[in-house]
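Shown next, in structure tokens, is the structure this report addresses.
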């Protein structure tokens, strides 16, 4: 699945089966989970997981030549929609007006037991 006009930036984890960021025509797409800067998975409370997830998103976007203020769309996956208010509190520390287009989706489970949040973002490149 390669094309000269699509660029895939690999995930830092050599075992990963997903790229960290994909780029096409100045649009970046990335999915992030609650990963600490050392690469370990954060499975604490929803506030801690949300913070780690959005920090991972920020790092991925900056590594690809973008930033949080260039996010156009964000899909938030939550295993418990009651966690939405806490996620939104963390979200407001990373984003401001004009808010990205977003959707919050309740899911039965995520890839790892205990993971409560995952996000997929679409952002404009700064390059």
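The values are calculated or read from the model by the stated rules, or taken from the named source; none is laboratory data. Because the structure is predicted, anything quoted here is derived from the model rather than measured. Cβ: placed from backbone, ideal geometry, glycine included. Neighbour counts: every protein chain shown.
Tell me, which residue of region 71-92 that is in contact (Cβ under 8 Å) with a residue 40 or more places away in the chain and surrounded by fewer than 17 Cβ atoms within 10 Å (Cβ to Cβ) is farthest from residue 27 (Cα to Cα)?
89
Quickly run through region 19-42 and pick out the residues that are assigned to a strand (DSSP E or B) and in contact (Cβ under 8 Å) with a residue 60 or more places away in the chain.
Hits for region 19-42 are 23, 27, 28, 29, 30, 31, 32, 41.
For the structure I just gave you, tell me whether residue 25 is modelled with pLDDT under 95, surrounded by 13 or more Cβ atoms within 10 Å (Cβ to Cβ) and under 24 Å from residue 5 (Cβ atoms).
Judged against the criteria, residue 25 is not a match.
Residue 32 - would you say it is crowded, with 17+ Cβ neighbours inside 10 Å, over 24 Å from residue 7 (Cβ atoms) and modelled with pLDDT of 95 or more?
In short, no.
Collect the residues in region 84-103 that are over 19 Å from residue 58 (Cβ atoms) and touching a strand residue (DSSP E or B) at 6+ places or on another chain (Cβ under 7 Å), keeping them in residue-number order.
84, 103
Which of the residues spanning region 36-67 are over 17 Å from residue 92 (Cβ atoms), touching a helix residue (DSSP H, G or I) at 6+ places or on another chain (Cβ under 7 Å) and surrounded by 21 or more Cβ atoms within 10 Å (Cβ to Cβ)?
If the condition is that a residue be over 17 Å from residue 92 (Cβ atoms), touching a helix residue (DSSP H, G or I) at 6+ places or on another chain (Cβ under 7 Å) and surrounded by 21 or more Cβ atoms within 10 Å (Cβ to Cβ), then 42, 61 are the ones that fit.
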